[in-house]
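First the structure, in the form of structure tokens, and then the observations on it.
The values are calculated or read from the model by the stated rules, or taken from the named source; none is laboratory data. All values derive from a computational prediction rather than experimental measurement. Methodologically, a virtual Cβ is constructed for each residue, glycine included, from the backbone with ideal geometry; neighbour enumeration extends over all protein chains shown.
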Amino acid sequence: MLRLAYRPPVLGRGRMPGKFFCPRRWQSTVVLDKAYPNLVWHFNPAVVPRTPIQTTPPLVALSLLPPSARFTNAAGAQHLDDSNQYLLDARTTIGWVTQVDQAQLTAQRQWPITPQQFINNPAFQAWLHQELKRCAHYADPTLCAIAKSLPDGWTHIADERHPPPYGRIPSPEDIIGSVKVEGGQIVPESYQPMPSHRPVSAHGLFRLSDGFHRHLVAKLGEMAEQQPNP
């Protein structure tokens, strides 16, 4: 089981020595991905796996946070020094990527994510499935519209990174979960996660439908804004 650690804070007024926490203000550089909406790459992240992982270059964290939860400058720069504000904690960290060339990522604003380089964060996955269970019956208008034409039973929530041919069922690693349909409606709280789903596959990082993506990014922003000041 992966355990998480917070980097030790810089000691100062009102801070106790020996404590570990995820500071609201942390010296870190971030890059906003140009191809994946709201995907943020965090260099020198505040949240890291507790188990030591020796990598060169160091681990880079991933998150999906809306603009309201991060510092932006007047020019709207895409490559930001986040020393003023970036709200990242154990639940909002998707995972970590190894062997990332910071200079190349900064220049290109994207980087291929492979299963071999990705370290999953179970805390984020648990939150993701919990939130999908809560919102699956209303957050995605497309899924709700499809449900109206389906017979009673179960239907899948597919990963958008690798859509199957029309009329075909996605591969098990590309099924995020399933919901129950009754009378043309998605039954609230019926969502069940698919154990075989892979957050990262040969086709890259998971992708939600537009409806679910907007909903979850907004929720992540709310969680980030609720963090107390250290």
*Could you check, for region 192-207, whether at least one of its residues is more than 18 Å from THR114 (Cα to Cα) and crowded, with 20+ Cβ neighbours inside 10 Å?*
no
*For THR106, state whether it is among the hydroxyl-bearing types (Ser, Thr, Tyr) and under 17 Å from the mean Cα position of the chain (by Cα).*
no
*Being farther than 20 Å from LYS133 by Cβ and touching a residue at least 24 places away in the same chain (Cβ under 8 Å) is the filter here, so list the residues in region 148-163 that pass it.*
LYS148, SER149, PRO151, ARG161, HIS162
*Could we say that TRP111 is in the same structural domain as SER63 (by TED's automatic domain parsing), in contact with a helix residue (DSSP H, G or I) (Cβ under 7 Å, 6 or more places away or on another chain) and of a type in the set (Phe, Trp, Tyr) here?*
yes
*Mind checking which pairs have a first residue in region 48-59 that is modelled with pLDDT of 70 or more and a second that is exposed (fewer than 13 other Cβ atoms within 10 Å of the Cβ) and basic (Lys, Arg), Cβ under 6 Å, 6 or more apart or different chains?*
ARG50/ARG3
*Just wondering, is there one or more residues in region 176-191 that are closer than 30 Å to TRP111 by Cβ and within 16 Å of the chain's Cα centre (by Cα)?*
yes
_HIS213 being in contact (Cβ under 8 Å) with a residue 60 or more places away in the chain and either crowded, with 16+ Cβ neighbours inside 10 Å or assigned to a strand (DSSP E or B) (or both)_ = yes
_Residue that is farthest from LEU143 (Cα to Cα) [pool: residues in region 219-230 that are surrounded by 14 or more Cβ atoms within 10 Å (Cβ to Cβ) and not polar (S, T, N, Q)]_ = PRO230
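Results for (1) of a type in the set (Ser, Thr, Tyr); (2) in contact with a strand residue (DSSP E or B) (Cβ under 8 Å, 6 or more places away or on another chain); (3) modelled with pLDDT under 95, shown as yes or no for each residue.
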position	(1), (2), (3)
THR142	yes, no, no
TRP154	no, yes, no
TYR166	yes, no, yes
GLN185	no, no, no
GLY204	no, no, no
LYS219	no, no, yes
GLN227	no, no, yes
*Of all the residues that make up region 160-183, how many are in contact with a helix residue (DSSP H, G or I) (Cβ under 6 Å, 6 or more places away or on another chain) and part of a loop (DSSP other than H, G, I, E, B)?*
1
*Filter region 60-89 for residues that are at pLDDT 60 or above and either part of a loop (DSSP other than H, G, I, E, B) or under 15 Å from ALA123 (Cβ atoms) (or both) and give the result.*
ALA61, LEU62, SER63, LEU64, LEU65, PRO66, LEU88, ASP89
*asked:* Between LEU143, LEU150, which is part of a helix (DSSP H, G or I) and more than 16 Å from the chain's Cα centre (by Cα)?
replied: LEU143
